[in-house]
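First comes the structure, then the notes that go with it.
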Amino acid sequence: MKSDQHMYCHYYQAHVQRELCWFVTAVLKSYEHIAFDRTINTAESRFEFFVAPSTEYYFLELMSYFQQEGLVSHLNKQPNRLAQESEQV
């Protein structure tokens, strides 16, 4: 039996340039099933990304490009907050 942790996507957070967050989210949506994104803190323009293990490589390639272009910064992988019993959507 697999552990519960394997039932969850990889989880990332990053700052997205406020003026172009619409562009970053549109590009992510154009790649079907690469990641689910949402704003976790609007004041800081901080986003969270839920990434399927099978698309993590492509997600990181895209994020690397966004970082080079200055659209995304402080990308970091964290434990999936939804895997924690005390966290809610």
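Every read-out reported here was derived from the displayed coordinates using simple, explicitly stated rules and does not represent laboratory data. Every value quoted in this text rests on a predicted model; they were computed, and no experiment measured them. When we count neighbours, we look across all protein chains shown, and the Cβ atoms used for this are built from the backbone with ideal geometry, even at glycine.
Just one of (i) 12.3, 41; (ii) 13.1, 45; (iii) 19.3, 58 is Rg and Dmax of the Cα atoms in Å calculated from these coordinates, so which is it?
Comparing each candidate, only (ii) matches the computed number.
Using a cut-off of under 19 Å, list every residue of the range 6-21 whose amide N is near the label point 7 Å from the Cα of Arg38 along the Cα-to-beta-carbon line.
Backbone N within reach: 7-16, 21.
Within the range 20-58, which GluC sites (Glu not before Pro) sit in a loop by DSSP and count at most 12 neighbouring Cβ atoms inside 10 Å? Could you put the intermediate results ahead of the total?
Working: sites: Glu32, Glu44, Glu48, Glu56; in loops: Glu32, Glu44.
Loop-located and lightly packed - Glu32, Glu44.
Arranged by the count of other C-beta atoms within 10 angstrom, fewest first, what order do Met63, Met7 take?
Met7, Met63
How about the range 30-85: which chymotrypsin sites (Phe, Trp or Tyr not before Pro) there lie in a loop by DSSP and see at most 15 other Cβ atoms within 10 Å? Provide the component values of the computation, followed by the final result.
Values: sites: Tyr31, Phe36, Phe47, Phe49, Phe50, Tyr57, Tyr58, Phe59, Tyr65, Phe66; in loops: Tyr31.
Passing both the DSSP loop test and the Cβ count: Tyr31.
Mind checking the full-extension length gain between Tyr31 and Ala83? Use 0.36 nm per residue of separation minus the Cα-Cα distance, one decimal, nm.
On the way: separation 52, 0.36 × 52 = 18.72 nm, distance 2.51 nm.
Between Tyr31 and Ala83, full extension yields an extra 16.2 nm.
In degrees between 0 and 90, to the nearest 10, how far off the longest principal axis of the chain does helix 21-30 point, with axes built from Cα atoms?
60 degrees
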